[in-house]
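**Student:** Have a look at this one.
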Amino acid sequence: MRYPARRIEKKWQQRWQKEKTYEVSISDRPKYYVLDMFPYPSGAGLHVGHPLGYIASDIISRHKRMQGYNVLHPMGYDSFGLPAEQYAIQRGIHPQRATEENIEKFRGQLENIGLSYDWSRELKTSDPRYYQWTQKIFLLLYGHFYDTDADGARPIDQLESYFDKNGSEGVPAIGGEELDFTALEWRNMDRKEREEVLMNYRLAYRKISYVNWCEALGTVLANDEVVNGVSERGGHPVIQKPMLQWSLRITAYAERLAAGLQELDWSDALIAQQKNWIGRSEGATIRFDLQDVSGSIEVFTTRPDTLYGCSFMVLAPEHDAVGKLTTSSQEKEVQQYIDYASSRSEIERMSDKKVSGAFTGGYATHPLSNKPLPIYISEYVLKDYGTGAIMAVPAHDERDQAFARHFDLPIPQVVDQSEYPGASPQDKVGKMIHSEFLNGMSVEKAIEAAIVALEKEKNGRRTINYKLRDANFSRQRYWGEPFPITYDTEGVPHTVPFEELPVRLPKLEKIQQKEGKSPLSFADDWVQMENGHRREVDTMPGFAGSSWYFLRYMDPHNEGEMFSRDAVDYWRDVDCYVGGTEHAVGHLMYARFWHKFLYDLGKVPTKEPFRKLINQGMIQGRSLLLDITQRNQQRSIHVPIDRADEKDRLFKSDFLELQAEDRRFEGIDAERDLPWQFDEEQRAFLPLRADIEKMSKSKHNVVNPDDVIEEFGADGFRMFEMFLGPIEDHKPWDTQSITGIVKFLHRCYDLYFT
RNA sequence: GCCGAAGUGGCGGAAUUGGUAGACGCGCUGGAUUCAAAAUCCAGUGGUAGCAAUACCGUGUGGGUUCGAUUCCCACCUUCGGUACCA
C-alpha cells in the first residue's frame, strides 16, 4: 500500500500548530539552541536549496529534544534590504507591502516542510518593535569607546573626565588618529570641538569615507552591485566618492576577534577565512626622521631584523608627508605620478601590476646607521595598510627588489640563507649578516633584538597590525533602519533619547535616489524637526539587524528591553548554527563584534555567540542553454527547463512560443540565426547545452519545494535532501533518484499497514 | 602567489583510535506480474580471465611505515573555495 504522505503529514502539522508542540520557555532542563541563518524574504520564494540547512538543523533539534534537552529552534526574516527597494522603484510597490507578502509566501513554504520551529518567536528586522533595539545598540556603540586599560568598551563620559584631568596625554583608548591637547585646551573647547575629539574614539563614529558612485546611474552602489569596477546593471564606470558617513570601530576588537576563534567549533576553512580577514601580523613600527625638513615617517614591518638591509623608503602616493618632502626639482614628476596613480581604476591596478613610482627628492635618516635613505612614492604601497609607508629591503622582498632594479637602487643583502631573487619576507630562516650587532643571530632572535634596540633608542616600538578595516555603517538607501541621530544647525550630532525609540521609517510615496542623495532626504516633513534639528537621512546597512537577532529570539516579545537577563542567562548562546559560507567574513564577523560589545556592557554572559557552526553547501540547478551565433557574436540564453524534452531538445513550436512571450529572445531570426536539426519524423528542434549552476530565477532552473512535497511528501523531500550527499558539499538537484527514497518510505509503511 | 578543502564503480556517495573497500540510492541487465505499458516485486551489477570454484588487479600519481593503509608519513598532480602589491 502506498504511504499517504500528504494526508498524514497535514494531520500532524496541524496538530503541532494547535498544540504548540514546539513552543518552549525557560525551564530547569538543560537548554540547546539550534539556529538557522534567517533568510532574506525575496520575491522568488524558497527553492529546494534553501531548506537543506533547515532540514539538517531540524533533525538536530528533534534529536536533542528526544535526548531531553529544552530546544530553542526559532525562525525569522532578515527583511530589510536592497532587492525590496529596487523592486519598489521599478514596480511602485512599497517595500513594506512587498516584504509582508514575501514573508507570507516563505512561511507557507516552511510550514509545508514540517520544520519544528517555535513560530511564536518569529521576528522581522524591519519591524519597528525589533529595530528600535537595533537603534538602541547603535546608540550604545556611539556612547562608548574602547578602553585599552580595561580591554573593553567603556562609557564615553569616562573619557571626558580623563580629558578634563589629563588632556590627551597617555589616553588609554583606541582612536582613529593620535590627538594632542592639554586638559586646559580640552576644558576650553566648545561643544562642537569636543564632539569632534570624541568622534575620534566612539565605537560608532562619523568620518569621511568612500562610496561607490556611478555617474551614469546617478546613484551610490553597494559593493555587490559593483562587479570588476563597473556597475552590475549597465556596466557603467564606478568611482570612489568621499562622503561623510557613519562607521563602526570593529578594529578595536580585532585582537579579541582573532583570539576568540580558537574556542570555536567551526570548519578550518571558515576559521582560516576569518583569520585572513582580520590579518593579524606581529612586527614593529619604526620612525625614520626626515632630512632637510622637520618631522618623521613611521613604517610598519614584520621584519625589523632586516633594518640594515633597508636602502630606500616608499610612500603611498596619497601619504600626508609627500607634499613637504618633495623638492622643487622633483615637484613636476611627483605631481604627474600622483595624477597617474589616482587615475588608475581598481581593475587597471589589479590586471596591470607594472613597476612604477617617482622620487620625491627627499631623504630620511636610517634610525640605526644614520645613513640617508631616498624616499620614493609608488602605488604598490597602499595608503590603507600599516602606516601607508614602508622601509624597502630589496634583497629580501620581491616587490622592493623589482622596484630597486627598475630605479637602479642598491640591494644590500642581510640574511645569508634567504634566496636572493624573490625571497619571501615570510621565510624566517637564515642568519644575519652585514647587520652590525645583529650579525650571526637567527632571524627569529634578530627580530627580537632589533625591537629591543629600537625601543631603547626610542625610534621604534613593538606593534601588532591588522588588515581588518572599520566597517562603513551608512547606506544611501530607504529600506533600512533609520539612525537615531539628529543634527543641530551647526551640524553637531545629537542622539535621540532611548525612550523616544523607535525612530520610525517614514512612509514615502515615491522612493528616489537623485544626485547621490538618500531617499529619506526627500521626506522634508520627517527630516526637518520642530526643534530645528534635521534627521540623519542615511540608513543602516543590511548587517545591522542580523548582528544580534539570535539574542532577540531568546525573548522576542519583551517591550521594555532588548532581552531579559533571565532569558539570556538561560539560553546563553547558540549551540549549533547552520548557514551558508557566503557570510563567512560579513555577518559572522559583525555578529561576533556586537556580541563582544554587549559582553563588555554586561548584557550577555558569553564571549562568543556561535559555539558550533555548520556550513551547508549549495544545491545547484541543472539549467539548459541555447547557444546562438548572431552576426558573428556568440551568446547563450537560459531556456526554462520544462520547455525542453528529456533529450534536452527544444522543438520549434515551443521556441516560437518562447519568442513571443520572452523579450530575451527578441531579435533572433528563427530561420537564419539558429542551428536547427531534425529528428526521425523531420520535426525541427534546437539542441540545448546542459549546465550545473547556482539556482536562480534568472537562470530558469529553479525547483520549488512545494511541487516536490506535493508529489512525494515532506518526508520524502527531507530524506532525499539528506541523502543527496555530505551537508557541506555543493551538489546538483537530481529529481530522478528521489524515487529510491520514496520507495523506501512506502516499504516502511507496508511493514505496519499492508 | 598565499591560505583552506577534496580526489573511491557508469553516477551521487558509504567505510578513518589502521582490520572483509564499494553500505544505501540512481542507472543498467535478467526475471515475475500485465493484453500491453506505467507502477511494483525478485535476482545480478568494480575491472580482467574462467562454464565454474576461483585467481589477479583496484580508493588521483610515485615512494615510505606496518603482519595489514581509502585511513598514517614524504613528494607530486588535478579540481573546488577564499584571498591578493597586506610590507
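**Student:** Taking region A:368-390 as the region of interest, how many residues are closer than 23 Å to residue A:177 by Cβ and either more than 8 Å from RNA strand B (Cβ to nearest atom) or part of a helix (DSSP H, G or I) (or both)?
**Tutor:** Going through region A:368-390 one residue at a time, the tally reaches 2.
**Student:** Can you pull out the strands (runs of 3 or more DSSP E) entirely within region A:434-551 that have at least 3 residues that are within 16 Å of RNA strand B (Cβ to nearest atom)?
**Tutor:** Numbers: elements: A:460-465, A:485-487, A:493-495.
The strands (runs of 3 or more DSSP E) meeting that bar are A:460-465.
**Student:** Could you please give the count of residues in region A:147-174 that are assigned to a helix (DSSP H, G or I) and in contact with a strand residue (DSSP E or B) (Cβ under 6 Å, 6 or more places away or on another chain)?
**Tutor:** Step one: list which residues in region A:147-174 are assigned to a helix (DSSP H, G or I), which gives A:156-166.
With in contact with a strand residue (DSSP E or B) (Cβ under 6 Å, 6 or more places away or on another chain) added as a condition, the list becomes A:156, A:159.
The qualifying residues number 2.
Matching residues to (1) at pLDDT below 90; (2) surrounded by fewer than 20 Cβ atoms within 10 Å (Cβ to Cβ); (3) hydrophobic (A, V, I, L, M, F, W, C):
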| residue | (1), (2), (3) |
| --- | --- |
| A:456 | no, yes, no |
| A:478 | no, no, no |
| A:486 | no, yes, no |
| A:500 | no, yes, no |
| A:503 | no, no, yes |
| A:522 | no, yes, yes |
| A:546 | no, no, no |
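**Student:** In region A:288-326, what count of residues is obtained for those that are of a type in the set (S, T, N, Q), over 19 Å from residue A:454 (Cβ atoms) and crowded, with 22+ Cβ neighbours inside 10 Å?
**Tutor:** Residues flagged as of a type in the set (S, T, N, Q), over 19 Å from residue A:454 (Cβ atoms) and crowded, with 22+ Cβ neighbours inside 10 Å within region A:288-326 amount to 1.
**Student:** Say we look at region A:75-90 and pick out the residues that are assigned to a helix (DSSP H, G or I) and of a type outside the set (A, V, I, L, M, F, W, C); which of these is nearest to the chain's Cα centre (by Cα)?
**Tutor:** A:83
**Student:** Moving on. Considering only region A:352-366, I want to know if a residue exists there that is within 13 Å of RNA strand B (Cβ to nearest atom), assigned to a strand (DSSP E or B) and either closer than 17 Å to residue A:393 by Cβ or of a type in the set (Asp, Glu) (or both). Please lay out each step first, then the result.
**Tutor:** Narrowing region A:352-366 to residues within 13 Å of RNA strand B (Cβ to nearest atom): A:352-357.
Among the residues that remain, those that are also assigned to a strand (DSSP E or B) are: none.
No, every residue in region A:352-366 fails to be within 13 Å of RNA strand B (Cβ to nearest atom), assigned to a strand (DSSP E or B) and either closer than 17 Å to residue A:393 by Cβ or of a type in the set (Asp, Glu) (or both).
**Student:** Across region A:391-408, what is the total count of residues that are within 22 Å of residue A:330 (Cα to Cα), part of a loop (DSSP other than H, G, I, E, B) and within 8 Å of RNA strand B (Cβ to nearest atom)?
**Tutor:** Selection size over region A:391-408: 0.
**Student:** Residues in region A:179-193: is at least one part of a helix (DSSP H, G or I), within 21 Å of residue A:498 (Cα to Cα), out of contact with any helix residue (DSSP H, G or I) (no Cβ under 8 Å at 6 or more places or on another chain) and not charged (D, E, K, R)?
**Tutor:** Checking region A:179-193: not a single residue is part of a helix (DSSP H, G or I), within 21 Å of residue A:498 (Cα to Cα), out of contact with any helix residue (DSSP H, G or I) (no Cβ under 8 Å at 6 or more places or on another chain) and not charged (D, E, K, R).
**Student:** Cβ-Cβ distance below 7 Å, separation of 6 or more or different chains: which pairs start in region A:525-548 with a residue that is under 14 Å from residue A:496 (Cβ atoms) and end on one that is among the basic types (Lys, Arg) and surrounded by fewer than 23 Cβ atoms within 10 Å (Cβ to Cβ)?
**Tutor:** From residues that are under 14 Å from residue A:496 (Cβ atoms), the pairs are A:526/A:535; A:527/A:534; A:527/A:535; A:529/A:535.
**Student:** Still on this structure, I have one more. Cβ-Cβ distance below 6 Å, separation of 6 or more or different chains: which pairs start in region A:198-220 with a residue that is under 12 Å from residue A:515 (Cβ atoms) and end on one that is part of a strand (DSSP E or B) and among the charged types (D, E, K, R)?
**Tutor:** Close Cβ pairs satisfying both conditions: A:213/A:241.
**Student:** Something else now. Would you mind finding the one in A:250, A:271, A:278, A:286 that is in contact with a strand residue (DSSP E or B) (Cβ under 8 Å, 6 or more places away or on another chain), within 12 Å of RNA strand B (Cβ to nearest atom) and among the β-branched types (Val, Ile, Thr)?
**Tutor:** Of the residues listed, the single one that is in contact with a strand residue (DSSP E or B) (Cβ under 8 Å, 6 or more places away or on another chain), within 12 Å of RNA strand B (Cβ to nearest atom) and among the β-branched types (Val, Ile, Thr) is A:286.
**Student:** Tell me the helices (runs of 4 or more DSSP H) entirely within region A:250-347 that contain at least 2 residues that are within 33 Å of the chain's Cα centre (by Cα).
**Tutor:** Ranges flagged: A:254-260, A:268-278, A:331-343.
**Student:** For residues in region A:697-754 being more than 21 Å from residue A:616 (Cα to Cα) and in a loop (DSSP other than H, G, I, E, B), which is farthest from RNA strand B (Cβ to nearest atom)?
**Tutor:** A:700
**Student:** Now a separate question. Could you please find all residues in region A:573-590 being within 12 Å of RNA strand B (Cβ to nearest atom) and either without any contact (Cβ under 8 Å) to a residue 12 or more places away in the chain or under 14 Å from residue A:550 (Cβ atoms) (or both)?
**Tutor:** Within region A:573-590, A:582, A:583 qualify.
**Student:** Of the numbered conditions (1) at pLDDT 90 or above; (2) aliphatic (A, V, I, L, M); (3) in a loop (DSSP other than H, G, I, E, B), residue A:93 fails exactly one; give the number of that condition.
**Tutor:** So residue A:93 meets the others, but not (1).
The values are calculated or read from the model by the stated rules, or taken from the named source; none is laboratory data. The shown structure was predicted, so the numbers you read here are calculated from the model rather than taken from an experiment. With ideal geometry, Cβ positions are generated from the backbone for all residues, glycine too; neighbour counts draw on all protein chains shown.
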